[in-house]
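So the structure is just underneath, and the comments pick up after that.
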Amino acid sequence: MPLEKNLSPDTAHLAHVGLEEFLYYEAFKAVRLSAFPYRRVFTSPDAPNSAPRFRSDLVSTLADEHDFKRIPPTERCALYDRDDACLLLYRHPAAPMFSLSLGCEDPVKMELLASEFEARTQLKGVIVKG
């Protein structure tokens with residue numbers, strides 16, 4: 001049975017492109033990201049007219065510049081890791097919205113990373129406790 005027949009904008013809330021991406025994303029968030037004591041979350045506004053201003057491709061560029069390695073196999077969302085930090089990029093499958101979560105071991109490095117991500121993406125990071 002084709003998935004499209006069951007999806008309606010009124011009844012379905014599509015959050016991931018597929019089950020594999022969902023599992024990798026949630027596992028990375030629960031296991032790797034939660035292991036870091038310092039975390040920030042950045043979220044783009046869900047207003048359709050703000051899409052050109054906030055671009056998720058900048059996150060991938062910044063991740064590469066800061067020596068994060070992308071973990072396969074997810075295609076739409078992106079999992080990035082390095083020894084002292086990790087980054088989780090979520091891209092909505094049907095809308096231009098995205099968010100990124102950043103985790104780090106060191107508070108000084110976290111501030112440096114967060115300030116650069118804020119400056120380049122124009123998104124404001126929110127500290128996550130816990």
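Here is how the numbers come out for the structure above:
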item: Karplus 3J(HN,Hα) series, Hz, for segment 31-37 with 6.51 cos²θ - 1.76 cosθ + 1.60 (x for Gly, Pro); result: 9, 7, 5, 5, 6, 8, x
item: Cβ charges +1 (Lys, Arg) and -1 (Asp, Glu), total dipole of segment 16-130, debye; result: 340
item: Segment 37-128: C-alpha gyration tensor shape, a/c 1.5 cut-off, then a/b vs b/c; result: oblate
item: Extension gain (nm, one decimal) between Lys129 and Glu20, 0.36 nm per residue minus Cα-Cα; result: 36.4 nm
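Throughout, read-outs are computed from the coordinates displayed, never taken from laboratory work. Keep in mind the model is a prediction, meaning the values are calculated, not measured. Here Cβ is always computed from backbone atoms with ideal geometry, including for glycine, and neighbour counts include all displayed protein chains.
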